[in-house]
Amino acid sequence: NKENTTMLRIIGLSILMLITSASFASAPVFQDGLKFYLKGDVENAIQLWQQLASEGDIQSQKQLGQYYLNDPQHRDYDKAIDWYRKASTQGDKDSVNHLKNALHIYDIWQKLTSEIGSDAAYSTMAFREHLHEGDDTNCGFVVEVKSKVILIQTDSQPRWFRKDDVYSPDVKSCSVAA
């Protein structure tokens, strides 16, 4: 009798473990979204990450923050900041740094938007981020690119410019103080 009771408990526990593991195996996880994304199925990846993120999944919250911060077609700084903030309030230290960066980028974008408009602000930020030697700017030809400054061959001579003062030739003309 005692052996039967023990055997029934073991069987019951085994069935419970099997059911529990099956339900966890069928639950969507962050990597499922990553597989969608890498296959080019961005819509399903975002949908899955939004579901997980709304349930408190930090990885998905950070991924959505990254997506909305950097995707040129779906860039939305408010959404990026919101997702990073949700992850950072859960104590994720990486998210705190990502949030600070997103807020900094948002400030730059707002300043540029007030100066040249929203669409030009997005393109200017991307232009500055991807500058290389040989590119044309509003002030001349790029000779050297460093993290925060750029050496440009102007009409008269090479000059160093802050990256934040450089625009593409189609956005703004060059105004160099004498």
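Just the Cα atoms of the range 20-145: what Rg and Dmax do they give in Å?
Rg, Dmax (Cα atoms, Å): 17.8, 64.
Starting from the Cα-Cα distance between ASP136 and GLN153, subtract it from 0.36 nm times their residue separation and give me the gain in nm to one decimal.
Working: separation 17, 0.36 × 17 = 6.12 nm, distance 0.96 nm.
Full extension of this stretch gives 5.2 nm more.
Rounded to the nearest percent, how much of the accessible area of the range 95-141 (1.4 Å probe, protein heavy atoms only) is carbon and sulfur? Walk me through the intermediate numbers first.
Details: 1440 of 2690 Å².
About 54 percent, which is the carbon plus sulfur part of the accessible surface.
Pick out, in residue order, every one of the GluC sites (Glu not before Pro) in the range 80-178 that is DSSP loop and has at most 11 other C-beta atoms within 10 Å; say none if there are none.
Passing sites in the range 80-178 are GLU133.
So, for the range 30-178, what is the accessible surface per residue at a probe of 1.4 Å, expressed in square angstrom?
Values: 9030 Å² over 149 residues.
Accessible area per residue: 61 Å².
Taking the range 80-148, which trypsin sites (Lys or Arg not before Pro) meet the DSSP loop condition and have no more than 11 other C-beta atoms within 10 Å?
LYS146, LYS148
Going from most exposed to least, what order do PHE36, PHE30 have by accessible area with a 1.4 Å probe?
Largest to smallest exposure gives the sequence PHE36, PHE30.
Treat every Asp and Glu Cβ in the range 92-178 as -1 and every Lys and Arg Cβ as +1, leave all other atoms uncharged, and give the resulting dipole magnitude about the Cα centre to the nearest 20 debye.
I would put it at about 320 debye.
Return the subset of LYS79/LYS172; LYS79/LYS146; LYS79/LYS100 for which the Cα-Cα distance in this structure is over 22 Å, preserving the input order. Could the numbers behind the result be given before it?
Details: LYS79/LYS172 29 Å; LYS79/LYS146 31 Å; LYS79/LYS100 14 Å.
Table pairs above 22 Å Cα-Cα are LYS79/LYS172; LYS79/LYS146.
The values are calculated or read from the model by the stated rules, or taken from the named source; none is laboratory data. Keep in mind that what you see is a predicted model, and the values were worked out from it rather than measured. Here Cβ is always computed from backbone atoms with ideal geometry, including for glycine, and neighbour counts include all displayed protein chains. Protein only, heavy atoms only, side chains kept; ligands, DNA and RNA dropped before computing areas. Shrake-Rupley method; radii C 1.70, N 1.55, O 1.52, S 1.80 Å.
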